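The next block holds one structure in the form of structure tokens; read it before the comments.
Only the coordinates and a few stated rules stand behind these numbers; no lab work does. If you're wondering where the values come from, they're calculated on a predicted model, not measured in any experiment. Every residue, glycine among them, receives a Cβ derived from its backbone with ideal geometry; neighbour counts consider all protein chains shown.
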Amino acid sequence: LTRLRARLSKSANPFGKALFAILTKDNLSETDWEDIEDTLILADVGTDASEQIVDELRADARVNSSKTPAEVRATLRRMLLEQVGEDTDRSLAAERDDARHPSVIIMVGVNGTGKTTTAGKLARLFVAEGKSVVLGAADTFRAAAADQLETWGSHVGVPVVRADHDGADPASVAFDAAQKAIDADADVLIIDTAGRLQNKANLMDELGKIRRVVEKKLPVDEVLLVLDATTGQNGMVQAKVFSEAIGVTGVALTKLDGSAKGGIVISVQKELGVPVKLVGLGEGPDDLAPFDPAGFVDGILG
Ligand code: GDP
């Protein structure tokens with residue numbers, strides 16, 4: 001987590017620093033308050049949450065007009081933690097003591113967001129915890145996606161169930177993967193899916209079918225939406241489409257290493273009503289971590 005903090009601070013710094021610089025001025029003008037709100041919105045905090053934070057900061061400034069930088073920092077930290085949801089349960093079902101075996105995770109999201117990579121990294125995290133994993137390559141549209149997942153599988157040392165021919169039914173691959181996970185008595189089954197948003201109706205049907213078919217064998221504990229942090233508010237629009245189609249239980253926010261817009265964490269949670277559970281901080285196998293709210297906020301504040 002220390003490493004996560006250090007790396008988040010690199011990516012998220014600009015926005016916290018800018019806020020702090022304004023808030024520690026002697027007398028805040030109307031323009032300063034607008035600048036604070038703009039800074040939050042530019043960092044993808046979302047308009048509602050930004051307004052709420054500014055209102056609270058203003059109320060706080062009225063009560064206590066002259067404050068030390070340390071006090072300002074503490075107030076800002078408390079407010080951001082509140083927005084991020086410090087006490088939210090972000091555990092994955094598979095990690096809980098009463099986890100089902102196999103515990104099923106379906107990965108969904110638009111192509112290019114990092115879905116396959118995140119599935120591979122997640123398998124690696126579970127294996128590191130001593131859990132056995134089966135990967136299912138239900139993105140049968142792109143053969144490269146299954147190849148990529150297979151590479152992860154051999155790297156991490158877990159079996160990958162894939163289609164035996166091009167254009168196979170993704171739901172049948174998911175079904176086979178569920179059977180394999182049962183036969184192998186695996187702890188976790190992670191199913192990678194396709195994400196072609198240009199054919200929205202088909203994609204949504206496909207995801208619904210994958211879910212229904214898997215549920216003939218095993219309950220689905222977790223649907224993780226993979227979102228690319230660098231796509232900002234565009235990503236939010238996609239996110240809503242997926243969450244309406246398949247009932248998302250958590251978000252894996254990728255490419256946070258390449259974004260100064262960490263505020264997306266706040267808007268994602270507010271708008272989807274589900275927590276960010278994982279963050280992607282790079283392309284390497286170790287670059288996935290459970291989301292740590294305190295580390296994240298400290299990163300934002302620099
Ligand atoms: P998919 O189409 O959603 O399955 O996306 P991929 O898993 O193929 O990932 C697309 C690209 O994003 C690849 O080049 C990944 O290495 C890269 N990627 C995935 N996660 C991260 C991340 O957290 N940080 C960075 N910088 N790159 C990432």
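Rg/Rh for the stretch 190-302 to two decimals, with Rh computed the Kirkwood way over all alpha-carbon pairs. Reported Rg/Rh, Kirkwood definition of Rh: 0.99.
Taking every DSSP helix (H) stretch of at least 4 residues in the chain, weighting each as -39,500 (n - 2.57) and dividing the sum by the residue count yields a mean residue ellipticity at 222 nm of -17000 deg cm²/dmol. Could you work out Rg/(2.2 N^0.38 Å) for the stretch 114-239, with Rg from alpha carbons only? Relative to the 2.2 N^0.38 Å estimate, the stretch 114-239 comes out at 1.02. Expressed as a fraction of 2.2 N^0.38 Å, the C-alpha radius of gyration for the stretch 46-100 is 1.65. Quotient of the Cα radius of gyration of the stretch 128-193 and 2.2 N^0.38 Å, N being its number of residues: 1.03. In terms of overall dimensions, the C-alpha atoms belonging to the stretch 169-221 reach 37, 20, 17 Å along their principal axes, ordered largest to smallest. Working from Cα positions, state the angle (0 to 90°, nearest 10) between the long axis of helix 143-156 and the longest principal axis of the chain. Tilt relative to the chain: about 80 degrees.
Could you work out the Rg to Rh ratio of the chain, with Rh taken as the Kirkwood radius (inverse of the mean 1/r over all Cα pairs)? Provide the component values of the computation, followed by the final result.
Numbers: Rg = 20.8 Å, Rh = 20.0 Å.
Answer for the chain: 1.04.
Mind checking the angle between helix 30-42 and the chain's longest principal axis? C-alpha axes, 0 to 90 degrees, to the nearest 10. For 30-42 against the chain, the angle is about 10 degrees.
The coefficient of translational diffusion for the stretch 84-127, derived via Stokes-Einstein from the alpha carbon Kirkwood radius under 10 °C and 1.306 mPa s, stands at 129 µm²/s.
So if each residue of separation counts as 0.36 nm, and I subtract the Cα-Cα distance between Lys200 and Arg78, what length gain in nm does that give?
The span from Lys200 to Arg78 would gain 39.9 nm if fully extended.
Taking Cα atoms only, the orientation of helix 170-183 departs from the longest principal axis of the chain by about 80 degrees.
Ordering of 102-108, 19-25 by packing is 102-108, 19-25, highest average first (other Cβ atoms within 10 Å, averaged per residue).
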